[in-house]
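Chemist: First the structure, which I've put down as structure tokens, then a few questions once you've had a look.
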Amino acid sequence: MDRPLRVLIVEDSEEDCLLLNDVLARGGYGVTYRRVETAEGVKAALAEGNWDIVISDHRMPQFNSLAALKLCKELASNLPFIVVSGSIGEELAVSAMKAGAHDYIMKDNLARLVPAVTRELREAESRRQRQSAEQALEQWRRRTESILDAAGEGICGLDAQGVINFINPRGAKLVGWEAGELIGKPLHETLHHSREDRTPFLKQDCSLCASLRDGLAHWMDDEVFWRKDGKAVPVEYTCMPIQKDNNIAGAVLTFQDITERKEADNALRESNRRLERSLTELHQTQQQIAEQERLHALGRMAGGVARDFNGTLSKILGFTELILTSPEKLGSPEAVRDHLRMISAAAREGSQVVHRLYEFHRPRRDTEQFKIVDLNTIIERSLLLAEPKWRQEGQTRDTPIEVRREMQPKVLVFADEAELQEVVTNLLSNAVEAMARGGILTVRTSQDENRATLEISDTGEGMTEEVRHRCFEPFFTTKGDCGTGLGLASAYGIIQRHRGEIQVRSEVGKGSTFAIQLPICSGQQKQSSHQGTLAAPKDHPLRVLVVEDEPMVREMEVEYLISDGHVVETAGDGSEGLRKFRASKFDLLLIDRAMPEINGDQLTETIKKINPDMPVILVTGFTERPGNGHGPHRANLILSKPFCHATLRKAVGQVMAAI
Ligand code: ADP
Ligand code: MG
């Protein structure tokens, strides 16, 4: 089958044209041709396109082969161009070839035509293929280049010796060089020769160079590259080696300028430092404020003590003076007794204040009378005592208080019953006082595995934030002369000693809730409480030795004991006490704890060594803290000063009942 061939024939002779056509047809080509003989004809034909080859006569009346060739080169450069001429000289043929003709053939040797055409068609085809491959390659190169140009990071190619063979524009810009200037330069010596402090950076220490030795990727984020102008740029880089046939052929380095990040880091560090400084200052200020608050509270407390005692002392002084300055009154025992009663009441009031104040801070005593108590019982008993009072007040004011009970049965704690009762009574009376226009008083008890909870809520006036904050402070009261400000302070101290907690929730106009949490009874505690419970006192005369260095206290103790029918001997210090103890037989010893030379603890200890069963009551002033000696533990009971006759009587009864 004929191979199709589209030929543009540049020829003035129709005859010659037919001849060429004939030769080609015989050579196996199915020829489609057009004959042109002017420049315009060539242009028009080329514009229509799709020619496989151009065959041109050399000399025509208005045209020649060199002009035609020039046009073809301009308009269809890849098209094969063969000159076929009857009269071409050697010189002309050479210049035609130089101008780009692919062959020339003499008209009298047309046998060369078909092989020449076939060859040129093949070569044109391979040129086309090469061209399109080159175009594809160029396209890919441009695309890669534009990606590298657009990359936000510097990208640099290195050969196996660490010499730069490529760098993208961004990379060159970061280090202040033209990309072309860097190609062929060793990277380490050009950009990485010194450290930030300008000391030399040895190649053996350089991670970049290490990549080319160990074939591993290296990443660094705190080094510098040196710009062309001698300035350092902080950089983060990754150097990724390129492996080829098991050898390291080079590496790709990606890097970026981290100036901004470092500045941000420094700014962050600086602001952290500032924050730390402010926190320290804040802490100091807080401490100063706490210290000031403490001093204020102390000042308020001192003021409270002064106010209360002033009141008490005024009464005592007043009545004493009355007796002393009115000799006629001394003649009337009735009047004297009256005044003395007033003095005694005032002194008792003072002692009560001291007692409650002391309750606020005193530590727990080892000998405290703790036993198992049911919180419900304590509440009921306190309500029983308090209720008649407020019922009566409520009736006169027509402002009833309703009591609601939300109590779990048997909420047992290990506690000093009297003290807990004091706490509950204080809370109840505060609640009632807060509900001047009546309201609801709710008492709750509950317990979980560890804690028992007692709550007393009222729907009264509530507390402001400041009052809530300060209500446990000794002498803090909002009730003027009607309040002592000691109820909650002593409640707080008592609950602390029971290893419990007391908290308050309150809202102005809505009411307050005081919640107490106490550890519940464990089995062990239950047992010890039985041992600690004392039986009722017996009532019979005893031989008692009183050892007390303060004459007035000694006299008072003797008076109390004698009036109870006991027989009393006294000693003014520890050694006298010991002597008298050895000399006679006694049923009971009442020993003061704070005495010079031999103190109460030591004396008790000595006596207990001589006779371990000898009952001893140790009398302490509450300014003394329980010592760490053995004395207090050996005494059968500790009695706090000041105490009244009844307290001493009860103590004696308890000790004697226990033996
Ligand atoms: P006092 O009752 O003598 O003022 P407390 O120590 O018992 O002293 O109470 C201190 C202060 O706490 C009271 O003056 C009162 O302002 C406040 N307070 C205590 N309980 C309540 C309560 N249930 N409702 C409102 N305020 C209370
Ligand atoms: Mg009160």
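Chemist: Computed over the Cα atoms of segment 151-257, what is the convex hull's projected area averaged over all directions, in nm²?
Modeler: Directional mean of the projected Cα hull area for segment 151-257 stands at 6.0 nm².
Chemist: Quote to one decimal, in nm, the extra length available between residue 219 and residue 344 on full extension: 0.36 nm per residue of separation minus the C-alpha distance between them. Display every interim value, and only then the final one.
Modeler: Working: separation 125, 0.36 × 125 = 45.00 nm, distance 9.07 nm.
Full-extension gain reported as 35.9 nm.
Chemist: A further question on this structure: Rounded to the nearest 500 deg cm²/dmol, what is the calculated helix-only ellipticity per residue at 222 nm for the chain, with -39500 (n - 2.57) per DSSP H run of length n ≥ 4? Provide the component values of the computation, followed by the final result.
Modeler: Details: 22 runs with 324 residues, N = 659.
Value at 222 nm, helices only: -16000 deg cm²/dmol.
Chemist: Another one. How large is ³J(HN,Hα), in whole Hz, for each residue of segment 157-172 in order, when computed from phi with the Karplus curve 6.51 cos²θ - 1.76 cosθ + 1.60 and θ = phi - 60°, using x for Gly and Pro?
Modeler: x, 10, 8, 4, 9, x, 8, 6, 10, 7, 8, 7, x, 4, x, 4
Chemist: What does the C-alpha gyration tensor say about the overall shape of segment 543-658? Classify as rounded when a/c is under 1.5, otherwise prolate if a/b is larger than b/c, or oblate. Each step should come with its number before you reach the end.
Modeler: Values: a/c = 1.25, a/b = 1.13, b/c = 1.11.
Rounded, because the longest to shortest axis ratio a/c is under 1.5.
Chemist: Let's test the formula: R0 of 41 Å, r as the Cβ-Cβ distance of residue 165 and residue 44. What FRET efficiency results, to the nearest 0.05?
Modeler: The computed FRET efficiency comes out at 0.20.
Chemist: How much length would be gained if the chain were fully extended between residue 66 and residue 112, taking 0.36 nm per residue of separation minus their Cα-Cα distance, in nm to one decimal?
Modeler: 14.5 nm
Chemist: Among 508, 233, what's the order by accessible area (1.4 angstrom probe), most exposed first?
Modeler: Of 508, 233, the descending order of accessible area is 508, 233.
Chemist: In whole Å, how far is the Cα centre of segment 73-99 from that of segment 277-313?
Modeler: 116
Chemist: What spacing in nm lies between the two simple spin-label points modelled at residue 284 and residue 482, each 7 Å away from Cα in the Cβ direction?
Modeler: In this crude label model, residue 284 to residue 482 measures out at 4.8 nm.
Chemist: Just to verify a number: FRET efficiency for residue 247 and residue 145, C-beta to C-beta distance, R0 = 25 Å, to 0.05?
Modeler: 0.40
Chemist: FRET efficiency for residue 336 and residue 429, Cβ-Cβ distance as r, R0 = 45 Å, nearest 0.05?
Modeler: Working: r = 35 Å, r/R0 = 0.79.
Working from the Cβ atoms, E equals 0.80.
Chemist: Sort 283, 218, 188 by heavy-atom solvent-accessible area, probe 1.4 angstrom, most to least. Before the final figure, lay out each step's value.
Modeler: On the way: 283 100, 218 40, 188 15 Å².
Listed by decreasing accessible area, they come as 283, 218, 188.
Chemist: Probe radius 1.4 Å, ligands and nucleic acids ignored: give me the carbon and sulfur share of the accessible area of segment 218-289 as a rounded percent.
Modeler: C and S atoms contribute 51 percent here.
Chemist: Mind computing the radius of gyration and Dmax over the alpha-carbon atoms of the chain? Å is fine for both.
Modeler: 58.9, 182
Chemist: Using the C-alpha gyration tensor of segment 3-130, what are the square roots of 5 times its eigenvalues, in whole angstrom, with the largest one first?
Modeler: Details: eigenvalues 66, 59, 49 Å².
Those come to 18, 17, 16 Å.
Chemist: Sticking with the crude label model, points 7 Å out along Cα→Cβ, report the distance from residue 194 to residue 267 in nm, one decimal please.
Modeler: Taking the two extended label points, one gets 2.9 nm.
Chemist: Give me the percent of accessible area attributable to carbon and sulfur for segment 460-502, probe 1.4 angstrom. Intermediate results must be reported in sequence, preceding the final value.
Modeler: On the way: 950 of 2000 Å².
That share works out to 47 percent.
Chemist: List the equivalent ellipsoid semi-axes of segment 76-214 in whole Å, largest first, each obtained as the square root of 5λ for an eigenvalue λ of the Cα gyration tensor.
Modeler: Ellipsoid half-lengths, sorted descending, are 58, 16, 14 Å.
Chemist: Here is a further query. From the residues 67, 147, 49, which one has its Cα farthest along the dipole of segment 38-181 in the positive direction, the dipole being from +1 and -1 charges on Cβ of Lys/Arg and Asp/Glu about the Cα centre?
Modeler: 49
Chemist: Next question. Residues of segment 151-257: accessible area per residue at 1.4 Å, in Å²? Present the calculation step by step, with values, prior to reporting the outcome.
Modeler: Numbers: 5490 Å² over 107 residues.
Dividing the accessible area of segment 151-257 by its residue count gives 51 Å².
Chemist: Restricting everything to alpha-carbon atoms, can you work out Rg to Rh for segment 371-528 with a Kirkwood hydrodynamic radius?
Modeler: Rounded to two decimals, Rg/Rh equals 0.97.
Chemist: Starting from the Kirkwood radius over alpha-carbon pairs of segment 263-359, derive D by Stokes-Einstein at 4 °C in a medium of 1.567 mPa s and give it in µm² s⁻¹.
Modeler: Estimated via Stokes-Einstein, D reaches 71 µm²/s.
Chemist: Same structure again: Skip the ligands, DNA and RNA, and give the accessible area per residue of segment 3-130 with a 1.4 Å probe, whole Å².
Modeler: With the other protein chains kept in place, segment 3-130 gives 50 Å² per residue.
Chemist: Run the simple label-point estimate for residue 94 and residue 562 please: 7 Å along Cα→C-beta, distance reported in nm.
Modeler: Once both label points are built, they end up 16.5 nm from each other.
Chemist: Calculate, in nm to one decimal, what residue 135 and residue 173 gain on full extension: separation in residues at 0.36 nm each, minus their alpha carbon distance.
Modeler: Values: separation 38, 0.36 × 38 = 13.68 nm, distance 2.96 nm.
Extra length available between residue 135 and residue 173 comes to 10.7 nm.
The values are calculated or read from the model by the stated rules, or taken from the named source; none is laboratory data. Keep in mind that what you see is a predicted model, and the values were worked out from it rather than measured. Please note: Cβ atoms are built from the backbone with ideal geometry, for glycine as well, and neighbour counts cover all protein chains shown. What goes into the accessible areas is simple: the full protein's heavy atoms, side chains included, and nothing from ligands, DNA or RNA. Shrake-Rupley method; radii C 1.70, N 1.55, O 1.52, S 1.80 Å.
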